[in-house]
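Following: one structure in structure tokens, then a few remarks.
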Amino acid sequence: MPTQSYIKSQKAYRVSLKHKLKKHLLLQSASANQVDRRWLNGFMAAGFHSGLISLSELKLEFMKAHRNAYGERMTEAQEQQLERRLTKLCQ
């Protein structure tokens, strides 16, 4: 059974992840060039490897942030690319 401290850590991580995803995707939507996402990738991988979030939850959070930033759902190709990227990050 998870402790209170662990549950608080999960909540704090999710809030921080949502903020970072929103910031990243808004920068990307406003830029003509690809925005550097190494820090974001590291943050997502650290959350997964520390057990704070699952791979499917990471995917859902990213998809929600994308929909909020762009006003539309990810295409099937974008979703598959995201799955590959997250799987590679979380190995």
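One table, with the values for the structure above:
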| read-out | value |
| --- | --- |
| Unmet criterion (only one of (1) among the basic types (Lys, Arg); (2) in contact with an Asp or Glu (Cβ under 8 Å, 6 or more places away or on another chain); (3) surrounded by fewer than 13 Cβ atoms within 10 Å (Cβ to Cβ)) for Lys88 | (2) |
| Matching residues, region 33-91, being more than 20 Å from Lys23 (Cβ to Cβ) and among the aliphatic types (A, V, I, L, M) | Leu55, Ala77 |
| Among the candidates Ala45, Ala32, residue that is more than 17 Å from Gln91 (Cβ to Cβ) and aliphatic (A, V, I, L, M) | Ala32 |
| Condition check for Ser50: small (Gly, Ala, Ser) and in contact with a Phe, Trp or Tyr (Cβ under 7 Å, 6 or more places away or on another chain) | no |
| Every residue from region 49-78 that is surrounded by 15 or more Cβ atoms within 10 Å (Cβ to Cβ), within 17 Å of Ser29 (Cα to Cα) and out of contact with any Lys or Arg (no Cβ under 7 Å at 6 or more places or on another chain) | Phe62, Met63, His66, Met74 |
| Qualifying residue in region 44-67 (condition: modelled with pLDDT under 95 and farther than 28 Å from Pro2 by Cα) | yes |
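The values are calculated or read from the model by the stated rules, or taken from the named source; none is laboratory data. The shown structure was predicted, so the numbers you read here are calculated from the model rather than taken from an experiment. All Cβ positions, even for glycine, are placed from backbone atoms using ideal geometry, and neighbour counts span all protein chains on display.
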